[in-house]
1. Give me the one-decimal nm value for the distance between modelled label points at residue 108 and residue 168, 7 Å along each residue's Cα-to-Cβ direction.
2. Hey, could you get me the Stokes-Einstein D for region 1-115, Kirkwood radius over alpha-carbon pairs, 25 °C and 0.890 mPa s, rounded to whole µm² s⁻¹?
3. How many nm is it between the label spots at residue 201 and residue 123, if each spot is 7 Å from the Cα in line with the beta carbon?
4. Would you please give the FRET efficiency between residue 116 and residue 21, computed as 1/(1 + (r/R0)^6) with r the Cβ-Cβ distance and R0 = 45 Å, to the nearest 0.05?
5. Any of 33/247; 100/186; 61/247 with alpha carbons more than 29 Å apart? Name them for me.
6. At residue 40 and residue 80, where each label point lies 7 Å from the Cα along Cα→Cβ, what is the point-to-point distance in nanometres?
7. Calculate the tail of P(r) for region 50-173: the fraction of all Cα-Cα distances greater than 22 Å, expressed in %.
8. Given 0.36 nm per residue, what is the gain on full extension from residue 232 to residue 89 after removing their alpha carbon distance, in nm?
Amino acid sequence: MTTDHPLSPDELEAALRAMGAERYHILHPFHRKLHSGGLNRGQVQAWALNRYYYQCRIPAKDATLLARLPTTDLRRAWRSRLEDHDGVEGKIGGVERWLKLCEGVGLDRDYVASTEGLLPGTRFAVDAYVALVRDRSILEGIASSLTELFSPTIIAERVSGMLRHYDFVTEETLAYFTPRLTQAPKDSDFALAYVRENARTVEEQQAALRALRTKCDILWAQLDALHFAYVEPGLIPPGAFVPDDRK
C-alpha cells in the first residue's frame, strides 16, 4: 500500500492488519497440514526441531533491539520479552518450554539444542530476522514484531488441531503455547501503540509496512523449507534431520 500522504493512525493499523490477513503463515500449506492432521510423526518432529531455532533466537533479536532503545521506559517494556523467553529465577521461559515440546514429540533434547539438524533455509531465514532488527531502524525492528497481532488465532488452531489429530501429542507437550495467549497480545499492544505514535511520515509508515511484510516472508520461508524437505518433493539436504521413517 503506497500513498502520497501520511495515513492516519487508524488507517496505518488497518494496513498492518491487512498485511497479516494476506501474508501470515497460518495460510501456508504446511501449517494447514500440521493443524489438520495431515503430517506424520517424523514431519511433526521436523517442524518442532526447525522451529526451535526461531524460538531460541528470539531473545537474541530482542536483546539486540533492547540495547538500541533510547529511554528507560522503552527498555523496561521490551525487557519483559527476554524474561518471557529466557525465563527468570524459579520460572522457565519459552525456549525451555519449546525444548520440552520437542522432547514430547520424541526428539532428543541435546540434538535439538545443538541445531545440527536444521534445514539451511531455516537458519538463513531466522538469521535474516535477527539481522533485520539489528540493522534497520528501531521503528522497523518494533514493527517487524507485529506478527504477534495474529498469533492468538494460529495458537488456538494449532493446539486444538494437534491435540485432535495426533495421539503422540498431549496438553503437556503443547504447554509452550498457554502463556503465549496472554504474552503475545500484551507485546503486540505495546508494539502497535509505538508504531501508531512514531510512524508519522509517508516514509516512516512505508518502512513499518515493509518491515512487517519482510517478517511475514521470513516466517513463510521457514515453512517453504520444511515443505520442500519433508513433504513435497521430500528432498532433505545433507546433514539435516532425517525422520526414522526416512532412514
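1. With each label point 7 Å from Cα toward Cβ, the separation is 1.6 nm.
2. Numbers: Rh = 17.2 Å.
Rounded to a whole number, D works out at 143 µm²/s.
3. Placing both labels 7 Å beyond Cα along the Cβ direction yields 3.9 nm.
4. On the way: r = 37 Å, r/R0 = 0.82.
Calculated transfer efficiency: 0.75.
5. On the way: 33/247 22 Å; 100/186 24 Å; 61/247 35 Å.
Violating the 29 Å limit, Cα to Cα: 61/247.
6. Result for the modelled spin labels: 4.4 nm.
7. Counting pairs separated by more than 22 Å, the tail of P(r) holds 44 percent.
8. Details: separation 143, 0.36 × 143 = 51.48 nm, distance 4.35 nm.
Length difference between fully extended and current span is 47.1 nm.
The numbers here are math on the coordinates, done by the rules we state, and not lab data. Keep in mind the model is a prediction, meaning the values are calculated, not measured. Positions of Cβ are backbone-derived with ideal geometry, glycine not excepted, and every protein chain shown enters the neighbour counts.
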